[in-house]
Amino acid sequence: SLERRLAEAGVGLGAADRATTGVVLASAGSSDPEAIAVIAEIAREWRLTGWCAVRPAFASAALPRTEDAVRALRAEGVRRVVVAPYVIAPGRLPDRIVTGAEAAGADAVAEVLGSAPELAALLLRRYDETAGAGPALPALTA
């Protein structure tokens, strides 16, 4: 999970830590407004878990960029700003997230989700849901 990755990066998850830490939820980005809205909604929901602020950011195709979101939180007076990449695997776009976070002086940057057990469980659950719906394509016969 994102929080597990933040903890691995040295970010405290207790109530006092959350109350003084702003999080940039950084995803790859998309030109699809619905995809951008989903990331913004996740950021809003995550804010309700006690973080003093949570802002979405994007590596491409949408604004703000990671560095802009980090700087905006600092300008609002947030002393500790961390970046949580909301991406599955390393690559060019996650590298942009890290570069932007470092350029703006983020206090910590978590690793990508990668082989997180929570992600594997989600994929298995989605597979089971799809498999239970019946065949999507007609069966091939010989």
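Points to keep in mind about this one:
- Between helix 92-103 and the chain there is an angle of about 10 degrees, using the helix long axis and the longest principal axis of the Cα atoms.
- Extension gain for Ala35 to Ser60 (0.36 nm times residue separation, less C-alpha to C-alpha distance): 7.7 nm.
- Among 29-36, 102-109, the peptide with the highest mean count of other Cβ atoms within 10 Å heads the list, and the full ranking is 102-109, 29-36.
- Portion, in percent, of the accessible area of the range 2-128 that falls on carbon or sulfur, probe 1.4 Å: 57 percent
- Extended-chain gain in nm, criterion 0.36 nm per residue less alpha-carbon gap, Leu13 and Ile42: 8.7 nm
- Heavy-atom accessible area per residue - the chain, 1.4 Å, Å²: 57 Å²
- Taken over the chain, the ratio of Cα radius of gyration to 2.2 N^0.38 Å equals 1.20.
- C-alpha long axis of helix 117-132 to longest principal axis of the chain, angle in °: 30 degrees
- C-alpha long axis of helix 33-47 to longest principal axis of the chain, angle in °: 60 degrees
The values are calculated or read from the model by the stated rules, or taken from the named source; none is laboratory data. Being a predicted model, the structure only gives us computed values, none of them experimental. Positions of Cβ are backbone-derived with ideal geometry, glycine not excepted, and every protein chain shown enters the neighbour counts. Just so you know, the surface numbers come from the protein's heavy atoms only, side chains and all, with ligands and any DNA or RNA stripped out. Shrake-Rupley method; radii C 1.70, N 1.55, O 1.52, S 1.80 Å.
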